[in-house]
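Structure record follows, encoded as structure tokens.
The values are calculated or read from the model by the stated rules, or taken from the named source; none is laboratory data. Nothing here was measured: the structure is a model prediction, and the numbers come from that model. Neighbour counts run over all protein chains shown; Cβ positions are idealised from the backbone, glycine included. Surface areas here come from the heavy atoms of the whole protein model, side chains and all, with no ligands, DNA or RNA. Shrake-Rupley method; radii C 1.70, N 1.55, O 1.52, S 1.80 Å.
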Amino acid sequence: MDRHLPVRRRAELDRYLTFGLASRRVRPSRFESFHRHNEIELLLVESGGLTYLFSRGRVELPAGTFCVFWGAVPHKLIGVAPGTWSHWLTVPLPWFLQWNLPEAFAGALMLGEVLREPDAARFPRDLELFTQWHADLEGAQPERRRAALLEAEARLR
């Protein structure tokens with residue numbers, strides 16, 4: 001980052017956000033700046049396609065892609081194909097770490113990897129899961145929120 005830029009301009013280049021446990025279905029648009037957050041992000045591209053820029057380079061995510069990454073790694077959405085819909089679920093890092101997922105998986109995320117589901121046949125079930133998570137997290141019912149968390153953990157396992 002250019003230290004000679006005014007503080008306000010530097011802040012526009014890298015925004016820190018907080019989502020907590022949250023879920024959305026969105027028509028994404030390009031980001032003007034990089035952003036980061038301390039949650040694990042599960043992302044499903046329902047239609048169209050997305051292009052992200054991470055510290056390790058560009059990541060192309062066509063329709064049907066399920067991926068997961070640590071949001072603390074600065075990322076920027078730089079391309080959105082026409083007709084794109086995507087889903088995301090954010091899980092606070094301390095909760096994710098309590099799941100004690102396999103070391104190779106969790107370690108790769110902590111090192112900034114974007115991990116993708118290699119089996120495209122899982123897409124219909126993933127779409128059902130994200131739709132259910134949106135509904136479960138919309139209300140204030142603790143049991144439904146807990147169910148969404150358990151299902152997210154199971155999906156990553």
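Taking region 49-63 only, how many residues are open to solvent by 30 Å² or more (accessible area, probe 1.4 Å) and of a type in the set (Gly, Ala, Ser)? Show your work before the answer.
In the first step, residues of region 49-63 are kept if they are open to solvent by 30 Å² or more (accessible area, probe 1.4 Å); the result is 53, 55-56, 58, 60, 62-63.
With the extra rule that they be of a type in the set (Gly, Ala, Ser), the set shrinks to 55, 63.
The total comes to 2.
Considering only residues that are open to solvent by less than 50 Å² (accessible area, probe 1.4 Å) and part of a strand (DSSP E or B), which ones fall in region 31-45?
So in region 31-45, the residues open to solvent by less than 50 Å² (accessible area, probe 1.4 Å) come out as 33, 35, 37, 39-45.
If the condition is that a residue be open to solvent by less than 50 Å² (accessible area, probe 1.4 Å) and part of a strand (DSSP E or B), then His35, His37, Glu39, Ile40, Glu41, Leu42, Leu43, Leu44, Val45 are the ones that fit.
Output the residues belonging to region 117-136 that are without any contact (Cβ under 8 Å) to a residue 60 or more places away in the chain and among the aliphatic types (A, V, I, L, M).
Across region 117-136, the qualifying residues are Ala120, Ala121, Leu129, Ala135.
Provide a single number: the residues in region 18-28 that are open to solvent by 40 Å² or more (accessible area, probe 1.4 Å) and assigned to a strand (DSSP E or B).
To start, the set of residues in region 18-28 that are open to solvent by 40 Å² or more (accessible area, probe 1.4 Å) comprises 18-19, 24-27.
Cutting the leftovers down to assigned to a strand (DSSP E or B) gives us 24-26.
Counting residues in region 18-28 that are open to solvent by 40 Å² or more (accessible area, probe 1.4 Å) and assigned to a strand (DSSP E or B) gives 3.
Of Thr90, Thr65, which residue is in contact (Cβ under 8 Å) with a residue 24 or more places away in the chain, farther than 18 Å from Glu39 by Cα and among the β-branched types (Val, Ile, Thr)?
Values: Thr90 fails: farther than 18 Å from Glu39 by Cα.
Only one candidate qualifies: Thr65.
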